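Working notes for the structure below.
The values are calculated or read from the model by the stated rules, or taken from the named source; none is laboratory data. Given the structure is predicted, the values throughout are model-derived calculations rather than measurements. FYI the Cβ positions are ideal-geometry reconstructions off the backbone, even for glycines, and counts take in every protein chain you see. The area values use the complete protein model at the heavy-atom level, side chains included, leaving out ligands, DNA and RNA. Shrake-Rupley method; radii C 1.70, N 1.55, O 1.52, S 1.80 Å.
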Amino acid sequence: MSDEPSDLQALAGRAVIAQFGAAPGFVGRIEPGATLALSGEPCADLNMLLLGPTPRAQNVLEEAVALASARKLPMVAFVAPQVAAQSREAALWLGLAQVGAAPLMVFHPDGPVAPGKPCEVARVEDEAAARVAGDLVASAFSLPRDAIARTVDACALERAGAEEFLAT
């Protein structure tokens, strides 16, 4: 039986690996229930741990914190609620602090959706479009533009397994 949240977490993990994989200091690990993607950039949003239900949850937390610490990188960890509850003591001991909760939401296109304004959607295929996409990402998330150039822009051009699109 399919577990939609776990399936989404696995897809998100592969997407993060593809998105950051072109960065010069990239380190990535994928295993069932966990993905670690460290771009090497000194920005938490570009170094992520996605942790879902896995018997190795505490070990994965310890390994991720040790690797991020050794590389002196900030990191954001998205931890499934049941894993967070089970790992609360270990997470605190490791120096992780819960700073919020992100609800998992799923959209199904057969629901009621109001049509938006017409737009053109095009794949990013050249340096100019990659710069525009990178500018948007940096601005939208208040991230350093040079770090986005080494991750998001580079990924768009190297076809590292992720594709970027711009809507105008």
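So the values come out like this:
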| quantity | calculated |
| --- | --- |
| Cα-centre dipole for the stretch 11-139 with unit charges at Cβ (Lys and Arg positive, Asp and Glu negative), debye to 20 | 260 |
| Whole-percent carbon and sulfur share, accessible surface of the chain, 1.4 Å | 60 |
| Shape of the stretch 1-74, Cα gyration tensor, a/c cut at 1.5 | oblate |
| Ranked order, LEU51, LEU92 - accessible area, probe 1.4 Å, largest first | LEU92, LEU51 |
| R0 of 30 Å, Cβ-Cβ distance ALA149-VAL99: FRET efficiency to nearest 0.05 | 0.65 |
| Amide H within-cut-off set for PHE78, under 5 Å, with H built and near neighbours excluded | LEU49, LEU50, LEU51 |
| Rg/Rg_globular for the stretch 1-43, with Rg_globular taken as 2.2 N^0.38 Å and Rg from C-alpha atoms | 1.26 |
| Within a Gaussian network of the chain (alpha carbon springs, distance under 10 Å), most fluctuating of ALA70, ALA22, ALA90 | ALA70 |
| Rounded tilt (10° steps) of 57-70 against the dominant C-alpha axis of the chain | 70 |
| Solvent exposure ordering (accessible area, 1.4 Å, most first) of GLU163, GLU63 | GLU163, GLU63 |
| The stretch 137-144 - phi-based ³J(HN,Hα) in whole Hz, Karplus 6.51/-1.76/1.60, Gly and Pro as x | 4, 4, 5, 4, 10, 6, 9, x |
| PHE26, PHE141, ranked by accessible area, largest first (probe 1.4 Å) | PHE141, PHE26 |
| Sparsely packed trypsin sites (Lys or Arg not before Pro) within the stretch 13-100, loop by DSSP, other Cβ within 10 Å at most 13 | LYS72 |
| Average accessible surface area per residue within the chain, 1.4 Å rolling probe, Å² | 62 |
| Gaussian network model of the chain, springs between alpha carbon atoms under 10 Å - residue of PRO74, PRO109, PRO55 with greatest fluctuation | PRO109 |
| Solvent-accessible area of ASP135 with every protein chain in place, 1.4 Å probe, in Å² to the nearest 10 | 80 |
| Spin-label model distance (nm) - ALA128 vs ALA90, 7 Å beyond Cα toward Cβ | 5.1 |
| Whole-percent pair-distance distribution, where bins are 5 Å wide, for the alpha carbons of the chain | 1, 8, 15, 18, 18, 16, 12, 7, 3, 1, 0 |
| Positive-end extreme of charge dipole, the chain - chosen from ALA133, GLY100, GLN58 (charges on Cβ) | GLN58 |
